[in-house]
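K.L.:
Below are the structure tokens for one structure; questions will follow.
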Amino acid sequence: MKFKSLRGMDDLFSIDLDKWQTLETAFKSVFLKFNAGEVRNPILESTDLFARSVGSSSDIVNKELYTFNDRNDESISLRPEGTAGLVRALIESKKDNDTGKYWYQGPMFRYERPQKGRLRQFHQVGVEYVGFEEGHAEFEIMSLVIALINSVKIKHYNIKINHLGNSKVKQKFTNALVEFLQQFEGELSDLELTRLGTNPLRILDSKDPKTLKILEKSPSYTDYLEPDHVSILNNLLNDFGESNITIDPKLVRGLDYYTGFIFEVTSKELGSQDSFIGGGRYDSLFSSLGGKDIPAIGFAIGLERMIDIMPESAKANKKVFIVNLTSNKSRYPYKIAQNLRSLDTNIVVEDPLLTSSAKSQLRRANKAGASAALIIGEDEVSKNEVIWKDLDDKIEQQSLSLDELINRPTRPSLQQASDAAVVEVPSFYISGHDVWGATAMILSEFKMLLAGETIK
């Protein structure tokens, strides 16, 4: 009998994890700058915790929880999100009267239809600012979000912001929305009719074309907000001054615990389910779970979705695959590999242990995601040379003297014209030829490595 992974739960091997590890490393560096500390919580919690926090009427609790009774007949669930567990932990450890900045990462579970960027076991990085009043905390949260996005070189994204107001504002708008939608009850789906009675705001998040048409004339949330709520939104627009930040009056988020400012980060590259970061303020959650009445704001990042839109250039490590065509007695390839690894560098060296053909080893190098191959045969050993083969740009391979590589100075960048602008392109001079672009960057780094210099 052959076993398969459960639907919506994937295995990840090292070649799949390059971007994951790049992202995690970049994030940890950003969190350190913002003085946020890591917390690790259990993946199992009491089912009641999510019913009281996320909302008993939410799809997550009603349809998507992985829930079972343990041997003590207690109902427990795999966590569908991370905020509730962190709040529970802070209350339990009596940290709910202090200010703190926390971040966490790990798997979450929801029994929903698997789709691109969202599996039944998916991964999140979450951030929670606890004990900080409304105002300045929103600015720092948005600063942190943008810093995280920039750290992995994502360029094309949009940030939608809104404010849910206070409980009075929320109720007034909800009443107005229900009154409006009751005119169209015959045109709403069964799901939306159910939400009309249990959680009307969730209808604003509908993807149904007919409902979206109806909602074009629905009341606007911003018309019901108080001046200080509007001020927070306008201040964020002014402070960041980015064209990709907009106020979206129909943004409500899917969790019941949100109380004020909310936001989502989206990318058109993800299709219809285009959100990859979302969060907001939840000032009532601590008290509703038995803790102190303390303000808080946070967000979560869907790692699978973010990884889908990360550019290849975000990868921190360049992998060099040594193709060893020498006899088993030659130590030359191993000495090169050892020297490269001993230096402070972001170049990863694949062991020169294989004895198969050049074609077979190069095929393996491509599968391993290598940027370049360093080919070493008996001729190269005798001549103190290597053959450099770029695997990204597919340009013609070159025989390089190690002495020449070390002693040749790197030439200044070539200036290339692009759309009437002058762009600096890395350039490297070798064997009477100009090599530029990514290949030049790799060769330059390799030269520095052999010379014993630190790559910055």
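The values are calculated or read from the model by the stated rules, or taken from the named source; none is laboratory data. These numbers were taken from a predicted model, which means no experiment stands behind them. Glycine also receives a Cβ, built like all others from the backbone with ideal geometry; neighbour counts cover every protein chain displayed.
K.L.:
Looking at region 6-14, is at least one residue modelled with pLDDT under 90, surrounded by fewer than 19 Cβ atoms within 10 Å (Cβ to Cβ) and assigned to a helix (DSSP H, G or I)?
P.N.:
yes
K.L.:
Then there is this: Just checking, which of Asn72, Asn41 is in a loop (DSSP other than H, G, I, E, B) and modelled with pLDDT of 95 or more?
P.N.:
So the residue among Asn72, Asn41 that is in a loop (DSSP other than H, G, I, E, B) and modelled with pLDDT of 95 or more is Asn41.
K.L.:
Kindly provide the set of residues from region 194-221 that are buried (at least 17 other Cβ atoms within 10 Å of the Cβ), under 30 Å from the mean Cα position of the chain (by Cα) and touching a residue at least 40 places away in the same chain (Cβ under 8 Å), ordered by number.
P.N.:
Asn199, Leu201, Arg202, Leu204, Tyr221
K.L.:
Next up: Can you name every residue in region 209-265 that is assigned to a helix (DSSP H, G or I) and under 24 Å from Ser189 (Cβ atoms)?
P.N.:
Within region 209-265, Pro209, Lys210, Thr211, Leu212, Lys213, Ile214, Leu215, Tyr221 qualify.
K.L.:
List pairs: first in region 2-24 and within 13 Å of His123 (Cβ to Cβ), second modelled with pLDDT of 85 or more and β-branched (Val, Ile, Thr), Cβ under 6 Å, 6+ apart or cross-chain?
P.N.:
Every condition considered, the pairs that remain are Lys19/Ile307; Leu23/Val152.
K.L.:
Considering only region 268-283, I want to know if a residue exists there that is in contact with a Pro (Cβ under 9 Å, 6 or more places away or on another chain), more than 30 Å from Gln115 (Cα to Cα) and at pLDDT below 95.
P.N.:
Yes; the residues of region 268-283 include at least one that is in contact with a Pro (Cβ under 9 Å, 6 or more places away or on another chain), more than 30 Å from Gln115 (Cα to Cα) and at pLDDT below 95.
K.L.:
Let me ask something additional. Report, by residue number, each residue of region 177-193 that is loosely packed, with under 13 Cβ neighbours inside 10 Å and either in contact with a helix residue (DSSP H, G or I) (Cβ under 8 Å, 6 or more places away or on another chain) or not in a helix (DSSP H, G or I) (or both).
P.N.:
Across region 177-193, the qualifying residues are Gln182, Glu185.
K.L.:
Determine which member of the set Ser58, Ser77 is more than 19 Å from the chain's Cα centre (by Cα), touching a residue at least 40 places away in the same chain (Cβ under 8 Å) and either farther than 15 Å from Ile301 by Cβ or crowded, with 17+ Cβ neighbours inside 10 Å (or both).
P.N.:
Testing whether each residue is more than 19 Å from the chain's Cα centre (by Cα), touching a residue at least 40 places away in the same chain (Cβ under 8 Å) and either farther than 15 Å from Ile301 by Cβ or crowded, with 17+ Cβ neighbours inside 10 Å (or both) leaves just Ser58.
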